[in-house]
Structure formats: C-alpha cells, structure tokens
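The values are calculated or read from the model by the stated rules, or taken from the named source; none is laboratory data. Note that this is a predicted model, so its numbers are computed, not measured. Quick reminder, even Gly has a Cβ in these numbers, built from the backbone with ideal geometry, and neighbours come from all protein chains shown. Accessible surface is based on the protein model in full, side chains and every heavy atom, while ligands, DNA and RNA are left aside. Shrake-Rupley method; radii C 1.70, N 1.55, O 1.52, S 1.80 Å.
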Amino acid sequence: MLREKAFRKNLDEDVKTLRILRHSVRVTLEISRVHSDEWDELETHLYAVENAARDRSTASRAPVRAAIKSLEGFHASLRPNWVQEETRGISLGDVARLSGTRERPARVVAVQRGSIDAAAFTRDVLDHVVHTCAREVRDATAADLYLGFALTVRDRLVHRWLATQRTYFELDVKRAYYFSSEFLTGRSLGLCLLNLGLYEAAQSFALTRGFDLGAILESEGDPGLGNGGLGRLAACFMDSLATLELPAAGYGIRYDFGMFEQRIEDGRQVERHDNWLAHGNPWELPRYQDAQLVRLGGRVEVRQDDDGRTRYQWLDGRTVIGLPYDSFIVGHGTDTVNTLRLWAARATRDFDLQFFNEGDFRRAVEEKIDTENISKVLYPNDQSDEGKALRLKQQYFFVACSIADIVRRYKQKHRTFDEFPDKVAIQLNDTHPAIAVAELMRVLIDQEEVGWDVAWSITERTFGYTNHTLLPEALERWPVRLFESLLPRHLMLIYEINHRFMRRVHTRWPGEMDRLARMSIFEEGPVRQIRMAYLATVGSHSVNGVAELHTELLKNQLLADFHQLWPERFNNKTNGVTPRRWVLYSNPRLTKLISSRLGTEWIDKDLRRLRAIAAHAADEAFLSDIALVKQANKTDLAKLVRDRIGIVLPPEAMFVVQIKRFHEYKRQLLAALELVSTYAALKRDPNAPFQPRAYVFAGKAAPGYAMAKLHIKLINDIASVINSDPAVSGRLAVAFIPNYGVSLAQSIIPAADLSMQISTAGKEASGTSNMKFALNGALTIGTLDGANVEIRREVGAENFFLFGLDASEVGALQRADYRPKDYIDASPALGESLALIESGFFSYGERDRFRSIVDDLRHRDAFMTCADFEAFRVAKRQAAAVYSDQRDWARRTVFNIAGASRFSSDQTVSQYASEIWGIEPIKVDLTLLDDPE
Ligand code: NBG
C-alpha cells in the first residue's frame, strides 16, 4: 500500500515535470514563431503519455521518464537553431523587407535609410508621416511629426546598430554589461538629432511646415524608469559608452509604469501613475526571438548522476517569459550604436489555459496578472529598502534573463567557459542586481556542469560591484524565508558561498568570532537575512564607491572588514555626467558661446579641453556674454514657471536652486529655514540693502515617506505666504515646480546662479546634479560631502561657498551626545525661524501642521540641521554679496565651468573600462553589413 502511494507520488511529480517542460517548449516555439512538424508529433505523443499516467492506466514510470528525456533533447535542439539564425544575423533581405521594397538591392535600401543626408532625412520623415502615421502631411500635428522624426531617426540607428553588433560579434571582443534596475533616460529625439548631426535639418524642415521644433520635441513623453541619481547615472554611462565606441550593453527592466507623476494640490504632493507607454514608444523594438524563460518558486531535487556527482535540479514553481525590448543608444559623432535591453514579464500562456480549461476563469486571469505584475511598476523608493517579495521577483527576473542572454551570446563562439571572464564583464549597479552572483553560479554549475571552483573563479572575475550609498536603510537585506520560497536553489548556493567565505575569514583571523558574525552574508537576528551588499562584495573582483570621500568611507566603515581582507578589490570611480545632454542639448546658448572661443572639440571630443576656458576669465567681452547667456536662460525659466504655476520670478534676482529627491539627509529643510530667516529679516528691516533672490525647488518624495512629504508641504506653504506678501514683492520669490524629472532638470539647471548641495556631510555618496550645475556656470553653496569635495578642488575654493561640519565632525558630534538646543540657543535667526513656523504663521494659524518637524529639530535632529544652520546662513549672505558684483560673479562662473570639465561621464566610463572591465574602444565597420551575395 505504502509502496503504491510512493509510486503514485513519484509518478505525479514526473507528470508535473513533463507538463512544465512541455509548456516551456511550446512557449519557446510560439514566441520564436517557429513551426515544427517534429514537435507536433512529439506533442501528440506526450499528451498520450500524460493522459495514461493521469488515468492511472500505467504501471511504470518508464514511459513518462522517457518522454521527459525526449522533451529535454528537443528543448536543447531548439537553442542551437536560434543560435544558427543569429550567427547569420539579420540579413539585409530582412532590412529590405522591413522597408517594403524587396525588389531593390538590399544594400542600397539599408544605406539610404541610414543616410544622414538632409534631403534623404526629410523625405523619409514625410514618408513615415504618411505611411506609418497614416496622416496626410497637411493634417499632421506636432505629435505626428514627432513620430515621423522619431521613426526616421530610428531607421538611422538600426542600420548602425546592426553594423555595431556585427562588428562586436565578428571580432569577438570583450563586452561590458551594465546591470541596473533603473535607467532614467529622459527624452531621446532632440539628443539623437544632435548626435547624428541632423538637428539643423530637422529644425528647418519643421519651420517649412509651420512648426517650431521645440514644440515637436515636447510631444515626446519623458520616460522616468528611475528614481534619481542612480538611474540617471546609468543613462549618462550608456551615452558615454557609445560615444567612446566601447563594446557594451545595458540590461534592466521595462516597467509599464515609471516614476509617479507628482502634482501639488494645496501644497501637498499627490501621486498619479505615470503611463509613459500610453502613446506607444517608437524608440524600442520587441525581440521575440530572444525571449527567455525564468523560474520562480518550486523546489530543488538532489540526485547522484551516473558518475556519482551530486546534481541539483530546480523544478516546479512557475515560469515567466522575459520579453526583451531593445533601444538603440547612439554615440556622439560615431557610428557606434549600443543596446539597452529591458525585459518585460509575460505570462506563459499555459498557466491561464490550464485553469481556463478546468473552468476556473478567475484563477486563469489572476495567474496572468500576477506574473505580468513583475515588470509593472518601478518602486518609487530612493534610499530605502522595502523588502517586498515583488521587488525581489523583479530583481531576479531581469538578472536571470540577462545572464541567460549573455551566456547564449557567449556560446555562439565558445565551447567551454574558460574564456568567459575574458569576454564578459558585468557591472552591478548597486545591490539591486546582486543576485546575479548566485545566478551565474547556478547556470555554470547546474546547467553547464562546471565544477564549483572553476565556476567561482569565473564568477569573481566577471563581476564588479558599485556601491551607491552608505545609508543603512538603503542597504538591501532579504529575509531568508522569503528567499527560500522564491529562489530555493539560490539560497543553497549562497549558503555554500558563505560557508567557503567564512572558512577563509577564519583562516585569516583564527578565533575572531565577532568578525565572522560581522562579515557573514547571513545576518542573524529574530529574522535571518541575506546582506546583498556582502554577497556582491564577495562575488566581485572590484568594489567601487562613486566619489573619493564615499570610497574612503566604504573602506573605513561600511565594508572595513572586507577592505582589510581584500584591499586590492577596492577602488574609486567618481561619477560624471554626459556633456551631450547636460550642456550641448540643454544649454545651446552656452555651447555656442564657448565654441566661439574654443572651437567645438571640447563638446565633440573631450570635455577636458573645456578647462582652457579659464584663460578667458579676464576677458571683459566674454564675461559680459556669459552673464547674458545666464540671463537669457533665466528668462526662459521664469516663463516656464509663470506658465506652469503662475509665480513671477524677478529677472534680476539671484536664482538659488535645490532640485533633487526629498530626503531628510539632503536637507531641503535647512534651505527652508534659511529662507524663512531671510524673509523675516527683510520684513524687519525693509530698507537694508538686499540682493533680490528667487528660490527654486523641485523634487519628489517617496509616497510612503511622511516626513519628506511634510517638507514639501512646508516649502509650498512658505512660498505661498512670501509670494503673496507685497512687502517683499520683486525682492523675494519662491517656486516649487511640480513633477521634477530629466526634462525639467534640463530647463532649470542652465538658469541657476547658486546651486544648493547641502546634505549632511558623509551622507550623499556623490551627487551628480552638483556637477551639472557647475558645468552650466552655477556656483555651489555646499558642505564637504560626496563629489562636492572634488568639485571645490577643481573650481577653486574661492569660487565655492563652503559651510558646515565635515564628515568626521558629524561623526564626532553624533558620538558626543549632540544637543540641537545648544545651537538653537546660539542662533537668534534659527530660533526666530522655528518660532515663526511653530506659531502657525505659514499655516493659517494651524500650529500643529508642522509640529512634528519642529519637535524633531528641537529634540533629535539626526541630520544636524541646527548645527549647520548658522554657517549656512552666513555663507548664503556672502554669496548674495558676491552676486551683487556681476562681473566678479561672472568670473567665478567661468572657473566653475572650467573646473567642471573634470566631471564628464566619458572620463568616468573610460576608467571603468580600463581599470575594471578590461574592454577597449572599437571602430564600427559599416561595410560588414554588405550582403554576402
Ligand atoms: C545615489 C546617491 C547619489 C549618487 C547616485 C549615483 C542611490 C542608492 N544612490 O549621491 O545617493 O550620486 O547614487 O551614484 O540612489
């Protein structure tokens, strides 16, 4: 009886395996649109076997096992077919078919569509308006023209992209893969036109059709697939990689909904979903033939193989299809077009069909929704870890698809894995993709049958890890229980990785039990957790921070034990920003002015040449031109602000700007308190000399971050009091511009006079808007935090308004029982600001509205706002005094621009390339696309 039961159980398991395998083969065929007679036959046979087993009319497991075997064989045979297809590449015949002109010689079609000749370009735009948008040209709207432009540009990119991929493939070069859960790209059209040298052609074409190119560019949505600096950095890196002709690709998630849209209602942040795909996205192409299957959940079967080796098989659970969407990343003035491949989750149809057939309609739909939720929405949390299961699924989903994709590509040219690290470098952008360490081990060991030691050496040599934060709440940890339920095999692998690592620590420091506990990948406690930063550190040959100070803090604090063990792993790569988007595109006036003095090589080739602009700091004509450029940009911004929120920014005011995520450590609150004290002083003494100021704020708060949201409300309430007070009108104005994003940043940054970078020292890993501001000629008022330290060094201390505690003073004060009250008592201006807020002055007498803010400042003040207040106020006064001498200000502006030439992401990326990835630039060979026939 018992034996019979066991037999039945095993048989059921076999049938389950059979079914899952069958489903996945069918899905593979479906999505790759392959028809196979052989499969039809096999499938019929499989149904028969399955039914017999279900009907219990079978007395042995053998037929089912045999069927599984033949299925596995068939599945394996599918892959090489694809591989063969791919090695042939997409033929020019395909390109010709795409354009619908099969009879023309393929090469000509390809070249024409790739042409950057202005006449061909405008002809193709019209062609797309008519044939793709199905619109008569005379009826075309700005949105139609946008689409016509975008598709025409894409044709040019596709052609170069094919040649780029072909070049990489033929030469079998080492490639770098940037794994990031966020790519905050911003709009594409304007930048692509500039990069391809087609901007002017587009402009004159638009004019002849009675359109302003600006309006056409505005029709593009602003894809916000990132929270802030980390995602924007990934986008800047992609731009630089292509520009430097480096063989690389980005991998991430194609979220249906990006960063939420922020509205301000009654001064409060209200979130609305961001449906960035509502009008389609002409910049991407789905690649059905490259879809992947990913498993989640299930169990692990351990068995001995014929050679007596232990083998692990991950079974059951559910499978999800990863459908890749490619966008093409074009370099500036090069033919290189790299790939940004983002994965969308799709349900395998079988799940729903299975339930559907059984009549459980609700379940059928639920399963599908549940699966596709994986790539539904970007988590809007910056710097905090929610530990949600869906988030872990997202991370594993895109990592597994990407690793499979890379392994597939590698196997097209290689039989063994020996050369894997010579062909593949993977950079982990923070810990979000850190599970890749375990996934590559799983693929190598379980699927490719590589032994542990070799697999581990490959893994270590393949990965690099970039840390982007020291804030404890941002360091990802996953509860072991959750991990086990979703990724049982990975948990086993991480146990083994940790076991071996602990042995190593023990050998190095025998008997130091504390150290073992401190360094273990597993954190013991009421809830056992996996520390992803440690997994990434252990599994990578390189660990880097994103600014000098940050890297030092990593080495001495967060990862100090690891640094002692592996000092050679640690290195710094200070962040950078792409000058194409952040100067050429967003500040054409400045680009033109500088080029009139330096020629265009500084923007076309090497931003370091911009340093030469410092030689013009005494050239009166240049100084007055610099001031004129700034003034014109400020007028543009003032118009935008008036149009959007009806607030008037006085044109002669000093524009003081803080735009970034709202977070307590970034201290928008410090800016707000200083603003209140300035306002109070102005009211008290209206006749004292005063440099007019306009404060500009923008930024989103995580929807669940109540304190940050209250800071937004406070700033808006202060703004509404000040803006409606006639006593300060024309001298003080405050604007909170809603819905901060890449496009808004492009409008604000060129117009800023003074950039506030005022985080508590030691908390901001780097910052990147600080670089963008300096590059556009703003001066910085800032603490010695993140990249501010290096910016100050480059632009000259005398051209930077420094204030506040440094990182070690912050640490010392924290340890020494910090008491904010001492600082409040010592600063009448601070006392007054707090009292004013507390009195209900900014909240229609409602005293409780901001009580939590004031109470926190008085009694806790974890970010030392009170300690830095007085120094900040003084530095601000000093900045205003300097500003009133416009010539002196312009001179300092020039030194800021010159010094910021150090912060191009080109420079950062070439350091990654040579010091971490070991990849080299390569010229794309457009003639490789020649049709062999
Ligand atoms: C952010 C830091 C910034 C830094 C960017 C890019 C995270 C986790 N980190 O200071 O806060 O500039 O990363 O490196 O978003």
> If a residue has to be open to solvent by less than 10 Å² (accessible area, probe 1.4 Å) and not aromatic (F, W, Y) to count, how many in the stretch 863-879 make the cut?
Replying inline: 7
>> Going by what's in this entry, would I406 be described as open to solvent by less than 10 Å² (accessible area, probe 1.4 Å), of a type outside the set (S, T, Y) and more than 16 Å from the ligand (Cβ to nearest atom)?
In response: yes
>> Which pairs turn up if I take residues in the stretch 542-561 that are of a type in the set (A, V, I, L, M) and look for partners that are more than 11 Å from the ligand (Cβ to nearest atom) and open to solvent by 10 Å² or more (accessible area, probe 1.4 Å) with beta carbon separation below 6 Å, at least 6 apart in sequence or on another chain?
In response: V543/R569; V543/F570; L549/V789
>> I need every pair where a residue in the stretch 411-423 that is open to solvent by less than 80 Å² (accessible area, probe 1.4 Å) has its Cβ under 7 Å from the Cβ of a residue that is aromatic (F, W, Y), sequence separation at least 6 or different chains.
In response: F420/Y410; K423/Y410
>> Need pairs with beta-carbon distance below 8 Å; first residue in contact (Cβ under 8 Å) with a residue 40 or more places away in the chain and within 20 Å of A344 (Cβ to Cβ) and within the stretch 219-230, second near the ligand (Cβ under 6 Å from one of its atoms) and open to solvent by 20 Å² or more (accessible area, probe 1.4 Å); sequence gap 6+ or separate chains.
In response: N227/D382
>> For the stretch 467-490: of the residues being out of contact with any helix residue (DSSP H, G or I) (no Cβ under 9 Å at 6 or more places or on another chain) and modelled with pLDDT of 95 or more, which is nearest to the ligand (Cβ to nearest atom)?
In response: P479
>> Can you find, within the stretch 841-862, the residue that is surrounded by the most Cβ atoms within 10 Å (Cβ to Cβ) among those that are among the charged types (D, E, K, R) and in contact (Cβ under 8 Å) with a residue 24 or more places away in the chain?
In response: D861
>> For a quick check of your reading of the model, give me the residue pairs whose first member lies in the stretch 563-580 and is farther than 12 Å from T551 by Cα, whose second is among the acidic types (D, E), with beta-carbon atoms closer than 8 Å and at least 6 apart or on different chains.
In response: G576/D906; T578/D239; T578/D906; P579/D906; R580/D239
> Does the stretch 236-261 hold any residues that are closer than 23 Å to L392 by Cβ, open to solvent by 10 Å² or more (accessible area, probe 1.4 Å) and away from the ligand (no atom under 14 Å from the Cβ), and which are they?
Replying inline: R254, D256, F257, F260
> So which residues in the stretch 763-787 are closer than 20 Å to K634 by Cβ and either open to solvent by 10 Å² or more (accessible area, probe 1.4 Å) or more than 9 Å from the ligand (Cβ to nearest atom) (or both), if there are any at all?
Replying inline: S769, K772, F773, A774, L775, N776, G777, A778, L779, T780, I781
> Could you say whether any residue in the stretch 777-793 is touching a Ser or Thr at 6+ places or on another chain (Cβ under 8 Å), among the charged types (D, E, K, R), more than 13 Å from K666 (Cα to Cα) and without any contact (Cβ under 8 Å) to a residue 60 or more places away in the chain?
Replying inline: yes
> Somewhere in the stretch 811-827, is a residue within 16 Å of the ligand (Cβ to nearest atom) and open to solvent by less than 30 Å² (accessible area, probe 1.4 Å)?
Replying inline: no
> When the stretch 192-235 is examined, which residues are found to be surrounded by fewer than 24 Cβ atoms within 10 Å (Cβ to Cβ), away from the ligand (no atom under 16 Å from the Cβ) and outside any helix (DSSP H, G or I)?
Replying inline: G197, L198, R209, G210, F211, D212, S219, E220, G221, D222
> How many residues does the stretch 641-680 hold that are more than 32 Å from the chain's Cα centre (by Cα), β-branched (V, I, T) and closer than 22 Å to G777 by Cα?
Replying inline: 0
> In the stretch 132-162, how many are of a type outside the set (A, V, I, L, M), closer than 22 Å to D222 by Cβ, surrounded by fewer than 20 Cβ atoms within 10 Å (Cβ to Cβ) and in contact with an Asp or Glu (Cβ under 9 Å, 6 or more places away or on another chain)?
Replying inline: 1
> Do the conditions hold for K592, that is, is it away from the ligand (no atom under 16 Å from the Cβ), open to solvent by 30 Å² or more (accessible area, probe 1.4 Å) and in contact with a helix residue (DSSP H, G or I) (Cβ under 6 Å, 6 or more places away or on another chain)?
Replying inline: no
